[in-house]
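Peer 1: Here's a structure for you.
A short reminder: the numbers here are calculations on the coordinates, not readings from a lab. On a predicted model such as this, the values are computed, not experimentally measured, just so you know. When we count neighbours, we look across all protein chains shown, and the Cβ atoms used for this are built from the backbone with ideal geometry, even at glycine.
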Ligand SMILES: [Zn+2]
């Protein structure tokens, strides 16, 4: 992706107040490996329950991590964005408040995503899932897998930014 500025990133958050956007701590933008990224994702170093996902100069979303690590039999071990398989804590069910009034009323959508939000690096083989025993072979090229990840990501982001209550995927606090 093209490098983004702090101003662009802060202005793009679609599902939080301007006040919250101004308090988010950004990563060191000079150290971000932009050419290897399809989107920028990080955990706020000042608020570890808060994770951020920025897809372009125009659009970013705020995510929340679950408070406590709970292990359940239903837990997914595959990222639904990049389809990387992980051991249990390598994938987190992130929850995003919907944009606008629906989000202020406590409505959220969730998705299972790589806990470190480094889907782009896993796709390129620049980071390896911990403890993975079986490598899943895929016939798709890198470009095709990136396209698929972006399609998944954009679908999720669109559900958040539309602020529309839709059936099925919705949960309420
Ligand atoms: Zn992923």
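Peer 1: Could you work out the helix-only [θ] at 222 nm for the chain, with each DSSP H run of four or more residues adding -39,500 (n - 2.57) and the total divided by the number of residues, to the nearest 500 deg cm²/dmol?
Peer 2: -7000 deg cm²/dmol
Peer 1: Another question about this same structure. So, by mean Cβ neighbours within 10 angstrom, what's the order for 1-10, 22-31 with the highest one leading?
Peer 2: On the way: 1-10: 13.8, 22-31: 11.8.
Output ranking for 1-10, 22-31: 1-10, 22-31.
Peer 1: Given labels modelled 7 Å from the Cα in the Cβ direction, how far is it in nm from residue 64 to residue 22?
Peer 2: Label-label distance for residue 64 and residue 22, simple model: 2.3 nm.
Peer 1: Taking Cα pairs under 8 Å and at least six residues apart, what relative contact order does the chain come out at, in percent?
Peer 2: Across the chain, relative contact order equals 22 percent.
Peer 1: With N denoting the number of residues in the stretch 6-163, provide Rg(C-alpha) divided by 2.2 N^0.38 Å, to two decimal places. Each step should come with its number before you reach the end.
Peer 2: Working: Rg = 15.4 Å, N = 158, 2.2 N^0.38 = 15.1 Å.
With N residues counted in the stretch 6-163, Rg over 2.2 N^0.38 Å equals 1.02.
Peer 1: Continuing with the same structure: In a Gaussian network model over the chain where Cα atoms closer than 10 Å are linked, find which of 143, 20, 67 has the largest mean-square fluctuation.
Peer 2: In the Gaussian network model the winner is 67.
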